[in-house]
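Below is one structure, written out as structure tokens, with a few remarks after it.
Every read-out reported here was derived from the displayed coordinates using simple, explicitly stated rules and does not represent laboratory data. Computed from a prediction, not measured in an experiment: that's the story for all the values here. Cβ placement follows ideal geometry from the backbone for every residue including glycine, while neighbour counts extend to all protein chains displayed.
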Amino acid sequence: MSQDLASAPNALVSDQIVFMGISDTYVPASAMETIRSAADAANSASVQIEGPADRANAVKQELIRQGAPAEAITVRPTPTRPLVQAGDGVADPTGRRVNIRFQ
């Protein structure tokens, strides 16, 4: 499912989503391939990160660690939503997501 987002210089880069743990403010290992691909793409496109401020900033810092230029990244904090329980008793992950948008 992962793809090299930076392989074609003028290709349209698709937005990415990172899901964080219930009370986590760090990027999970399961999202590192997405982060690496997004960091590569950030070298040719500006990036806007949307999500709860602490989680969005964690994604920004990880993008920078992976080589994305800090000046290409902006953070747009969104209100933190309370966790909603899904039918199976598991918290709905939509309140824990951070969107990575390319412009």
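The 3J(HN,Hα) values that the Karplus relation (6.51, -1.76, 1.60; θ = phi - 60°) gives for segment 35-51 are, in residue order, 5, 4, 5, 5, 5, 4, 5, 5, 6, 10, 8, 7, 10, 10, 9, 10, x Hz. Gly and Pro appear as x. Amide H contacts under 5 Å for residue 73: 47, restricted to partners 5 or more places along the chain or on a different chain, H placed in the peptide plane at 1.01 Å from N.
Close amide H contacts of residue 78 (hydrogens built in the peptide plane, cut-off under 5 Å, sequence separation of 5 or more or a different chain): 51, 53. Counting beta carbons within 10 Å around each of 44, 23, 37 and listing the fewest first gives the order 23, 44, 37. Among residues other than residue 28 with Cβ under 15 Å from its Cβ, the summed charge is +1 (Lys and Arg +1, Asp and Glu -1).
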